1. Between residues in the stretch 162-174 that are touching a residue at least 40 places away in the same chain (Cβ under 8 Å) and residues that are of a type in the set (A, V, I, L, M), which pairs lie under 6 Å by C-beta distance while being six or more apart or on different chains?
2. Tally the residues that are free of Cβ contacts under 8 Å to residues at least 60 places away in the same chain and either surrounded by 18 or more Cβ atoms within 10 Å (Cβ to Cβ) or under 30 Å from ALA14 (Cα atoms) (or both), restricting the search to the stretch 47-61.
3. Would you pick out the residues in the stretch 71-93 that are under 17 Å from LEU131 (Cβ atoms) and part of a loop (DSSP other than H, G, I, E, B)?
4. List the strands (runs of 3 or more DSSP E) inside the stretch 94-177, counting only whole elements, that have at least 3 residues being surrounded by fewer than 17 Cβ atoms within 10 Å (Cβ to Cβ).
5. If the requirement is being open to solvent by less than 30 Å² (accessible area, probe 1.4 Å) and charged (D, E, K, R), which of these qualifies: ARG44, ARG34?
6. What number of residues in the stretch 27-40 are in contact (Cβ under 8 Å) with a residue 24 or more places away in the chain and either touching a helix residue (DSSP H, G or I) at 6+ places or on another chain (Cβ under 9 Å) or not basic (Lys, Arg) (or both)?
7. Identify all residues within the stretch 62-90 that are of a type in the set (D, E, K, R), over 25 Å from ALA37 (Cβ atoms) and surrounded by 15 or more Cβ atoms within 10 Å (Cβ to Cβ); write none if there are none.
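The values are calculated or read from the model by the stated rules, or taken from the named source; none is laboratory data. Since the model is a prediction, treat every value here as computed from it, not as a measurement. Glycine gets a Cβ as well: all are built from the backbone with ideal geometry, and neighbour counts include every protein chain shown. Please note that ligands, DNA and RNA were not included when accessible areas were found on the heavy atoms of the full protein model with its side chains. Shrake-Rupley method; radii C 1.70, N 1.55, O 1.52, S 1.80 Å.
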Amino acid sequence: MRRERLRPAHSPEALATLYTNPYDHRRWTDHVRRAEATIDFCHRLLDGRSPDVAADLSCGDGVILDAVPAARKVYGDMVSSHPLDVVGPIETTIGQIGAVDLFVNTETLEHLDDPDSVLAAIGEKANTLLLSTPVNAWKDASNTEHYWAWDTESVNAMITAAGFRIVQYVELPLWYQFGVWGCAR
């Protein structure tokens, strides 16, 4: 099991500078492929079920949550091209929502100063978790937004500590090697 801190957390001012422009997954071919594969994975995870409430508090352009067949969707992010229900860092906005059937957390965990506490907070809110993060990105110095690198076993341990059990897992070898987990309470 391996987990490494890549850099210290950015100041609030630096974060505001980093996250000024809305995310658009279509800007990079590997992001398009990752989003498509994650959406397919989510549909397999749901197995024909339609959640009453689904949330993504780091939704970017909302492409993954848009594809979820939920009765009600809660969108959140620091800045987005999608209309947002809650605005701000996930560490804050998780406390602003109620219980959800599905929580989408894709390509976010590696950006967080304390990913364990955020996963624990998600575990208090969600019945099902769709999670993705790069795995084995040890030399990720070029992406100053990423605070963490880890292997699959480390992410498995964080998921379990947050009160979830892993029901599905797949790796997507793109620009990064992405791990995608489907988890249930």
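1. These pairs meet every condition: ALA162/LEU119; ALA162/ALA120; PHE164/LEU129; VAL167/ALA184; GLN168/LEU45; VAL170/VAL180; LEU172/ALA37.
2. 8
3. Within the stretch 71-93, no residue meets the criteria.
4. Numbers: elements: 100-106, 126-134, 148-150, 165-173.
It comes to 165-173.
5. Only one candidate qualifies: ARG34.
6. 7
7. The one that is of a type in the set (D, E, K, R), over 25 Å from ALA37 (Cβ atoms) and surrounded by 15 or more Cβ atoms within 10 Å (Cβ to Cβ): ASP85.
Conditions tested, residue by residue: (1) under 15 Å from the mean Cα position of the chain (by Cα); (2) at pLDDT 95 or above; (3) farther than 22 Å from PHE41 by Cβ; (4) not acidic (Asp, Glu).
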residue: GLY98; (1), (2), (3), (4): no, yes, yes, yes
residue: LEU102; (1), (2), (3), (4): yes, yes, no, yes
residue: THR133; (1), (2), (3), (4): yes, yes, no, yes
residue: ASP140; (1), (2), (3), (4): no, no, yes, no
